[in-house]
Amino acid sequence: MRLETGSTGRAIPLGPSSARTVRQSDEAAMARVAIGDTSAFTVLVRRHSPALYRVSVRMLGDSHEAEDVVQECFVRLWQHAPRWRPAGAGLFGWLHRAAMNLCFDRFRKFRVVTAEALPDPADNAPLADGLIEADEARLAIVRALNDLSERYRAALVLCYYEGLSNAVAAEVLDLNVKAMESLLHRARKQLRALLEARQFTAHDLPCCYTECAA
């Protein structure tokens, strides 16, 4: 399933026909990249960079590291283009698998929470209680995600934040679908436990997070 970014910054799934058109366009572009066509390469960079950046920054919690991951993904794509063949989730899956593996490499070296992961500073105007509570809940889930293992975080980021199907997420993480479902179940359970330890439940979270922590 191909995704694009909506006005809220969350991933919005495209319909089957649109996803098929994007995939066919990717394959045609890759055929040109394979013979050194830089304009086709630029099209692919513009098309896929936003999703790769979203995944990387949620995995790493660092915008600069996420940018480096995206850049390295496309360096690898350029180098691999003559040998690339469409399979599975196509170029979308290939790029996401490359990005996730690069994140795993960095994830093992450091664990950070940067300013980008924290709520925006409050201005001098008083906030409604509901907004304060939502901000606290968002911060709680960001911190809980940061405390998860790399595989658990990856499962939640791919399936709930990016909206990938279990089958596509399984391909990205090099798992079979049954193993992916088990990983996702354990990730949700661990996230829920971390949130409950902070006195948060799914009912306390903004609606965009409730399924992730349910």
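No value in this document is a laboratory result; all are computed from the given coordinates. Just so it is clear, the structure is predicted and the values come from calculations on it, not from any experiment. Don't worry about glycine lacking a Cβ; one is built from the backbone with ideal geometry, like all the others, and counts go over all protein chains shown.
In order along the range 157-167, phi translates into HN-Hα couplings of 4, 5, 7, 9, 7, 8, x, 6, 5, 4, 5 Hz, rounded to whole numbers, per the Karplus curve 6.51 cos²θ - 1.76 cosθ + 1.60 with θ = phi - 60° and x for Gly and Pro.
Working note: Karplus 6.51/-1.76/1.60 with θ = phi - 60° gives the range 142-153 the couplings 4, 5, 5, 4, 5, 8, 6, 5, 4, 6, 5, 4 Hz, where Gly and Pro are set to x.
Ordering LYS109, LYS189 by the number of other Cβ atoms within 10 Å of each residue's own Cβ, fewest first, gives LYS109, LYS189.
Remark: SER182, SER39 ranked as SER39, SER182, counting other beta-carbon atoms within 10 Å and listing the fewest first. Label sites at SER149 and SER25, each approximated as a point 7 angstrom past Cα along Cα to Cβ, lie 3.9 nm apart. Taking other C-beta atoms within 10 Å as the exposure proxy, VAL177, VAL157 rank VAL177, VAL157 from fewest upward.
Close amide H partners of ARG198, meaning residues 5 or more places away or on another chain with modelled amide H under 5 Å apart, do not exist here.
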